[in-house]
Structures are given as C-alpha cells and as structure tokens.
Amino acid sequence: MSFQLPNTRPVSSSERVNFHCKCCGACCRHVRETVPLDTLDAWRLAKYLRGRGEPIDNLDTVFAKYAEPVILHESGFSMFMLKSTGPDDACIFLKDNRCTIQQAKPRACRLYPFSVEPTPDGRYKYLLSLERGHHFKGGQVQSGRWMKHNFLPEDREFMRMDMSFAPIIALLLGKVPDAERKRAIIMYLWYKFSDYDLGKPFLEQYRKNISSLISQLQRLAGTEGQNGR
Ligand code: SF4
Ligand code: SF4
C-alpha cells in the first residue's frame, strides 16, 4: 500500500465503511518505493524479528536488509521504503499472499485502506482509499474504531513530532554549505534512523536524537542562536 494513497476521500470517525480483507495480497504487490518504513516502524520490526530469532541488534540491520532509501529532496532529506521483489514488485514480506510480519507491519499497512493526514490544529484527518473495489463488501468497520485499534498513541505522538521537525530539518539541510553536506547527511541518517537502543523506550530516544540533530545542523549551517533556526 502506497505512502500517498491514490483516489481517497475523507471519512469521519463515526462513519461505517463496508470492508472485508480477502487476503488477496493485491495491496502488497506493485509497491516499489511506496511503503514507508519510518523509524518507529523499524524499531518495532527490529524487536519483532529479533524475537523470531533473526540476528538483529539495531535498526541499521533492518533498514539495510528490508528497506531502501528514497531521497525526497536534493538537500539529502530522505526516508526509507520497504524493498520489493519479483516481477510484480511485491513487498519483501509477502509470501503466498500473506504478510509474514503481521504483528509488526508498518503503520501504513496497519491503517490500510484508511490513512491519516495531520491537520494544522495538531489533530488528524482520516482518509479512505477507493483504489480497490473488491474489498468494500462482506463486512463493516467504523473508521474511528479502526483508528483506535491501528493508529496507536505512540504512532500519533511520533507522527506529530516527525511532521513538526521535518520542515526544520529540511530547511537546515538546505542551508548547510556544500563542503559540509556529506557530514550533514551522515548526521541526519545517524540521528534520525540509526542511533537507537532496542531495549529502551522509543519516543524518548527519538525526541533526544532529533534535538541533537537540529543542534548539529544549526552548527553546520551557521545558524546557531538565530530565531526560527
Ligand atoms: S486489503 Fe484488500 S487488496 Fe489488500 S489483501 Fe485485503 S482484500 Fe486484498
Ligand atoms: S509489510 Fe505486510 S502488509 Fe505491508 S506491504 Fe508488506 S506484506 Fe503487505
């Protein structure tokens, strides 16, 4: 399921939607560079895979093995998407039309066919993807309940932080002089995606890392102490 779902319409939290997953796997195919694996997703996945016996000590292993970076801006601002494989570009975790990481699948997959968009007042707007018609019969879900079950408080807090810090980081990356760009991108990748202890709570580490990243980028961009960064 893609990062920006095509053909969506807004739904209220009280709306009931006819939906029943038929486990056809269609939404997990043709997903090249479209299923985001954000840092919280990778942290959960690392713990889950390690629990299944995979030799995973950190997030780097998960990103290297199961995801690929997609550069969103020439400044180096980027994100990770799940790898796809085979002639139909199926998600690397799809086997026999089933998701093999059901308990730890990324937020975008948990929410599908719904998705969320932040609103200026710090809340979230719910959207429903209409791209596939065959699953809109045979069952019923209330969108608010779906979100309560699948869009967890930790996801909400992470997304809120991520969305508020993203423009600041992108701006600072853009201001770093060319001579320091490589160093800035390494710092960006380190703090945003790498420097996490799987044994400690995630959000606290994320907040601390992003704060360190912003300080380091301000130093490289020469904007330390300036208002508005
Ligand atoms: S959500 Fe829809 S497209 Fe995806 S597996 Fe279920 S029925 Fe198929
Ligand atoms: S993680 Fe699972 S649900 Fe998400 S695209 Fe891959 S196989 Fe499908």
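Is it the case, given these coordinates, that Leu40 is assigned to a helix (DSSP H, G or I) and under 19 Å from Phe114 (Cβ atoms)? Yes: the conditions hold for Leu40.
What residue, among those in the stretch 1-13 that are under 15 Å from Tyr124 (Cβ atoms) and at pLDDT 95 or above, is nearest to ligand 1 (Cβ to nearest atom)? Of everything passing the filter in the stretch 1-13, Val11 is nearest to ligand 1 (Cβ to nearest atom). Take the conditions small (Gly, Ala, Ser), assigned to a loop (DSSP other than H, G, I, E, B), at pLDDT below 95 and not assigned by TED's automatic domain parsing to the domain that holds Asp41 and apply them to Gly174. Does it pass? In short, no. Restricting to the stretch 82-113, count the residues that are near ligand 2 (Cβ under 9 Å from one of its atoms) and either in the same structural domain as Ala166 (by TED's automatic domain parsing) or in a helix (DSSP H, G or I) (or both). Residues that pass the stated criteria total 5.
Okay, residues lined up against (1) part of a strand (DSSP E or B); (2) within 21 Å of Val35 (Cα to Cα); (3) of a type in the set (Ser, Thr, Tyr):
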| site | (1), (2), (3) |
| --- | --- |
| Ser115 | yes, yes, yes |
| Pro120 | no, no, no |
| Lys125 | yes, yes, no |
| Gly133 | no, yes, no |
| Phe136 | no, no, no |
| Gly144 | no, no, no |
| Met147 | no, yes, no |
| Met159 | no, yes, no |
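In the set (1) more than 12 Å from ligand 1 (Cβ to nearest atom); (2) without any contact (Cβ under 8 Å) to a residue 24 or more places away in the chain; (3) under 23 Å from Gly51 (Cβ atoms), Glu117 fails one condition alone, (3).
The values are calculated or read from the model by the stated rules, or taken from the named source; none is laboratory data. Everything numeric in this text was worked out from a predicted model, so none of it was measured. With ideal geometry, Cβ positions are generated from the backbone for all residues, glycine too; neighbour counts draw on all protein chains shown.
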